[in-house]
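Report on the structure given below.
What follows is calculated from the coordinates using simple rules that are stated; it is not laboratory data. Predicted model only: the values in this text are computed from it and were never measured.
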Amino acid sequence: MATLTFSTSSLHPKTLTRKSNQHFPCKTLIHLAESSNFESLSSVVKRKTLIGAPVRSTTTTISESLSTITAPQTLKSRLKNGETLYGLFLLSFSPTLAEIAGLSGYDFVVVDMEHGPGGITQALSCLHALAAARTPAILRLPDSDAAWAKKALDLGPQGIMFPMIESQKMAKKAVSYCKFPPKGVRGSAHTIVRASDYGIDNGYLSNYEDELLIMCQVESEEGVKKIDEIASVDGVDCVQMGPLDLSASMGYLWDPGNKKVKEMLKTAENGVLKSTAKSGNNGAFLSGFAMSHDSPKDMRSRGYHMISGAVDIGLFRSACVEDVKKFKMKSIDSDDEDDDGIQNAKDGDEKYWSE
């Protein structure tokens with residue numbers, strides 16, 4: 001019979017609650033297939049059973065029955081392994097919707113403090129929910145400054161997104177906000193914050209740079225002009241395109257499908273890809289948000305490795321509108337039926353509620 005032996009020093013919360021950047025036993029996540037068709041769920045996903053990471057302890061003895069355990073993977077390591085990651089933006093700041101999103105199989109969830117109503121406290125609740133669903137969280141800041149970055153990073157997200165980056169200087173500043181001195185200017189409270197498991201993770205200072213995904217968002221004409229310089233900054237892991245703000249900066253508010261906007265976006269994409277090609281595996285990855293005229297499948301074919309396909313509020317809004325529409329259409333149909341049709345209507349409602 002297989003047994004486990006360990007010293008008391010190996011008992012800490014990491015054995016009970018792990019960071020969202022680790023894979024767990026019996027956890028089934030959904031990943032995009034190489035030839036995925038995003039319009040059909042059955043053709044979009046393939047299921048992959050992931051095996052949990054080992055307990056971090058030098059005194060733990062693992063039996064041969066656990067010999068298949070693999071090392072944890074982060075968003076950063078998965079990108080470097082060539083994966084294309086699919087995620088969701090969370091604007092509602094609802095921990096329940098965050099947990100549902102995680103359990104649904106998204107590779108990551110962006111908690112959006114730029115356009116969502118919540119701040120640090122509300123974001124923390126969403127991170128708790130995503131951790132329970134074993135899904136990596138990315139925090140998008142409301143502004144690209146050191147104070148917001150410090151508070152966000154102390155929460156322990158796996159990624160951080162800086163909005164409206166327009167120059168190499170701004171990108172370098174963003175990276176410096178994420179690193180402790182002497183490499184950067186990040187304030188240190190690593191002995192007590194969630195990012196280091198409240199000081200329990202003794203190796204935090206040694207590995208936080210390797211695990212943190214730093215994303216710079218380019219969403220203006222000025223940013224596109226400097227995009228190759230932004231993408232080449234050491235420490236920038238992803239360049240996130242912002243098609244809506246880009247269209248607005250060009251004078252085409254809410255018209256991201258405009259021909260001129262699409263041409264500008266293509267210029268930006270090529271700038272990132274060229275910069276990445278020069279840097280090899282250390283270059284920035286291309287990240288973006290799908291639009292009605294620009295599907296995730298099309299984006300993937302153009303070299304995107306991180307794709308956000310929807311917003312939680314948008315999904316809920318569409319579901320509500322469709323729900324009301326179905327009900328009203330059924331009510332109109334039922335008015336034309338005689339008494340013999342009442343039972344058929346009830347049968348239809350039962351089917352409707354089970355959908």
* **Derived scalar couplings ³J(HN,Hα) [the stretch 211-216; Karplus, 6.51 cos²θ - 1.76 cosθ + 1.60; whole Hz; x for Gly, Pro]** => 9, 7, 9, 9, 10, 10
* Asked: Can you run phi through the Karplus equation (6.51, -1.76, 1.60; θ = phi - 60°) for the stretch 283-296 and list ³J(HN,Hα) in whole Hz, with x for Gly and Pro?
  -> x, 7, 8, 8, 10, x, 10, 5, 10, 4, 9, 9, 6, x
* Assign one of three labels to the stretch 74-159, namely rounded, prolate or oblate, based on the Cα gyration tensor with a ≥ b ≥ c the square roots of its eigenvalues; rounded applies when a/c is under 1.5, prolate when it is not and a/b is larger than b/c, and oblate otherwise. => oblate
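Quote the convex hull volume per residue of the stretch 291-333, based on C-alpha atoms, as a whole number of Å³. Mind dumping the intermediate values first?
On the way: hull volume 3.3 nm³, N = 43.
Normalising the Cα hull of the stretch 291-333 by residue number yields 76 Å³.
What does the convex hull of the Cα atoms come to per residue for the stretch 218-297, in Å³? Don't jump to the answer; show the numbers that get you there.
On the way: hull volume 6.4 nm³, N = 80.
Each residue corresponds to 80 Å³ of Cα convex hull volume.
Looking only at Cα atoms, what is the convex hull volume of the stretch 112-198 per residue, in Å³? Numbers along the way, then the final one.
Working: hull volume 7.9 nm³, N = 87.
With only Cα atoms used, the stretch 112-198 gives 90 Å³ per residue.
Could you tell me which of rounded, prolate or oblate describes the stretch 145-189, using a ≥ b ≥ c as the square roots of the eigenvalues of the alpha-carbon gyration tensor, with rounded for a/c under 1.5 and, failing that, prolate when a/b is larger than b/c and oblate otherwise? The partial results should precede the final answer.
Details: a/c = 2.19, a/b = 1.30, b/c = 1.68.
Because a/c hits 1.5 or more and a/b fails to exceed b/c, the stretch 145-189 counts as oblate.
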